[in-house]
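What follows is a single structure, written as structure tokens, with notes after it.
Just so it is clear, none of the values below were taken in a lab; they were calculated from the coordinates. Keep in mind that what you see is a predicted model, and the values were worked out from it rather than measured. As a convention, Cβ positions derive from the backbone with ideal geometry for all residues, glycine included, and neighbour counts pool all protein chains shown.
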Amino acid sequence: MADKIKIAMSWAAACGGCDVALLDVEDRILDLLDVADVVFWPVAMDFKRSDLQSMAPDSIDIGLFNGAVRTSEQLEDAKLFREKCKVLVAFGSCACFGGIPGLANLASREELFQTVYQDTVSTDNEAKTRPLTECTVDGCLLTLPVLHGAVRSLDQVVDVDCFMPGCPPTPERVLDAVGVIQAYAKEGKVPPKGTVLASDKALCEECPRSSSRRGGRMEKIVQPHEILADPDRCFVDQGLICMGIATRAGCGHRCIQANMPCRGCFGPTPEMLDPGAEALSAFGSIAGEANENDVSTDRMKAVVKSVRDPAGTFYRFTLPKAILHRRVADQAKGR
């Protein structure tokens, strides 16, 4: 057998669950080690950033990059991975779409700083100190990365070869990535550029509750904690917003099996331009009492307005990839 291929994994703006997901395949991880050597994975082994910087371009065969890009350091890491890796995989929802960190695009950087360093109940900061990118302490220069004004997905800053969605990717999808690595090791082949390692169908098409959907209207919208959902009925029929209608299948409907509606972590199906907007439109079209036909009625509006945190509901994982991907502050007249 030829020399083992080299793989690397990096962690940007994310919770760390994607790193753990790579270990969720349990003993199957040994299949990966049969064909590959890990040359960079700081979370799991004692690698330094300088180790990655010293590697030659294209010296890493496959790179798994998890997390969104928010800071100057993460942007540098993304560019380093692109330079050093022959094949770059966006691993997890944050890398693929911006993920939950992407909801920070609803606020400006200064608003975030004001909340974190000033307004929280437990904060005592009378001097209104804010993070500095450079600071000298006892003659030593200390530096911090620059916090960019918006969160971006990996493919918004560098070229990406494959996408693996999920928050985090399920063991089945991780094994798909292992399969890609094994195939590369044996034949030097990878899926076509832009491939998403998940189903092209909507989750609703694979949902075990799909046959129970009556197709009625949503007379009331409730939160999962407000009712004990019937495990045999469609969530939408029970007044719960389920993003399965606008979300790619391939997760094994694990949340639904746990009696929780889909939150959309696998991202949009291929034909969707803006999954959040399309899901909002779909739910808006069935909101209101069963005998209502006029979409302008006050009752329909009241049902739609009862959705708490619409952005966090419909763009929980995909805001940075939406058509309107961030909040834009009002500009002064004449500017």
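By the equivalent-ellipsoid construction on the alpha carbon gyration tensor, segment 51-185 comes out with semi-axes of 34, 20, 11 Å, ordered largest to smallest. Extending 7 Å from the Cα toward the beta-carbon at both Asp232 and Asn125 defines two label points whose distance is 5.4 nm.
Each of Gly288, Gly276, Ile256 was placed along the dipole of the chain (beta-carbon charges, centred on the mean Cα), and the one lying farthest toward the positive end is Gly288.
Taking segment 102-157 on its own, what percent of its Cα-Cα pair distances exceed 16 Å? Walk me through the numbers on the way to the answer.
Details: 899 of 1540 pairs.
Cα-Cα pairs in segment 102-157 separated by more than 16 Å: 58 percent.
Using the Cβ-Cβ distance between Ser281 and Asp159 with R0 = 30 Å, the FRET efficiency computed as 1/(1 + (r/R0)^6) comes to roughly 0.40. In this structure, Lys186 and Ala56 have a Cβ-Cβ separation that, at R0 = 25 Å, corresponds to a calculated FRET efficiency of about 0.60. Which of the lysines could be linked to Lys305 by a straight reach, that is with a Cα gap under 20 Å, when you skip same-chain ones fewer than 8 residues away? Partners found: Lys220. Quick check on my link table: of Lys4/Lys79; Lys6/Lys186; Lys301/Lys321; Lys48/Lys193; Lys6/Lys193; Lys84/Lys321, which ones sit more than 18 Å apart, alpha carbon to alpha carbon? Distance filter (> 18 Å) returns Lys4/Lys79; Lys301/Lys321; Lys48/Lys193; Lys6/Lys193; Lys84/Lys321. Our estimate of slack between Asp138 and Ala107, defined as 0.36 nm per intervening residue step minus the Cα-Cα distance, is 7.7 nm.
Working out 0.36 nm times the residue gap between His225 and Leu33, then minus their Cα-Cα distance, what length gain in nm do you get to one decimal?
Details: separation 192, 0.36 × 192 = 69.12 nm, distance 4.26 nm.
Here the answer is 64.9 nm.
Translational diffusion of segment 156-291, estimated by Stokes-Einstein from the Kirkwood radius over alpha carbon pairs at 37 °C in a medium of 0.692 mPa s, is 200 µm² per second. In the elastic network of the chain, a GNM with C-alpha springs shorter than 10 Å, the most mobile of Asp230, Asp61, Asp155 is Asp230. Summarising the label geometry, the points placed 7 Å from Cα in the beta-carbon direction at Thr115 and Glu205 lie 3.7 nm from one another. Hey, how many Å between the Cα centroid of segment 169-230 and the Cα centroid of segment 93-138? A separation of 33 Å, based on Cα centres.
Checking a compactness column here: for the chain, what do you get for Rg(Cα) / (2.2 N^0.38 Å), N being the number of residues? Working shown, then result.
Working: Rg = 22.5 Å, N = 335, 2.2 N^0.38 = 20.0 Å.
Normalised by 2.2 N^0.38 Å, the Cα Rg of the chain equals 1.12.
In the chain, the DSSP-assigned H stretches of four residues or longer account for a calculated mean residue ellipticity at 222 nm of -7000 deg cm²/dmol, using -39500 (n - 2.57) per stretch and the full residue count as denominator. By the equivalent-ellipsoid construction on the alpha carbon gyration tensor, segment 110-196 comes out with semi-axes of 43, 18, 13 Å, ordered largest to smallest. Nearest-5 percent of antiparallel DSSP beta bridges in the chain? Antiparallel bridges make up about 30 percent of those DSSP assigns within the chain. Normalised by the number of residues in the chain, the mean separation of alpha-carbon contacts (under 8 Å, six or more apart) gives a relative contact order of 18 percent.
Near Lys86, which aspartates and glutamates are there with a Cα under 12 Å away, not counting those fewer than 8 places off in the same chain? Reachable aspartates and glutamates: Asp58, Asp61, Asp159, Asp161.
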